[in-house]
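The structure under discussion appears below in the form of structure tokens.
What follows draws every value from the coordinates through simple rules; no lab data is involved. Note that this is a predicted model, so its numbers are computed, not measured.
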Amino acid sequence: MNKTVLIVFIVLLAIFLLLPIVAQVIRSTSGGEMGGPPPAGPKAAPLLNETNLVGSVWNVKTPEMPIAVSITLGSGGQAVAKVPALFSQIAIQKIGTDTLTGNWSVQGAKLLAKVEFQGKGYEVACDIIGDKIYYQDREIKRVQ
């Protein structure tokens, strides 16, 4: 298997599994990598909701993905994940798209995200702590 196919596979896998994480993407100062764990002690009340998350953009990157995927939280609970332009053609050739659309919502201190791809549904629940979002105790960084 050549490097291009491997990179495309990893990018696509990340998109499908991480779109739901889209909701956790908050507060970013650098390149879209996931931040550290939430602070120890009592958890801050959630300051994020379905109103102030609309229009936010996040670059979700994990150790499993070589590149960050841009995720935009839209109005009406719609989320869109997009492969970077450099990898767009590869994604289209391999899976038929460079964009995935899913849904997101906020329920109390949880951000919920769902996506369906190739007949399979994926769902992720993230924690909202103060003005940050965490997935599996890792902060998701906000880009916009």
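The phi-based Karplus calculation (6.51 cos²θ - 1.76 cosθ + 1.60; θ = phi - 60°) puts the 3J(HN,Hα) values of region 106-114 at 10, 10, x, 9, 10, 9, 10, 9, 9 Hz, whole numbers, x for Gly and Pro. Taking amide H atoms as placed 1.01 Å from N in the peptide plane, the amide H of ASN59 lies under 5 Å from those of ILE71, VAL143, each 5 or more residues away in sequence or on another chain.
The gain in end-to-end length when the LEU86 to GLN118 segment is fully stretched comes to 9.2 nm, 0.36 nm per residue minus the alpha carbon separation.
Of all aspartates and glutamates in the structure, those lying under 15 Å Cα to Cα from LYS61, and not within fewer than 8 positions of it along the same chain, are GLU33, ASP137, GLU139. Amide H contacts for ILE129 (H built 1.01 Å from N in the peptide plane; partners 5 or more residues away or on another chain; cut-off under 5 Å): TYR134.
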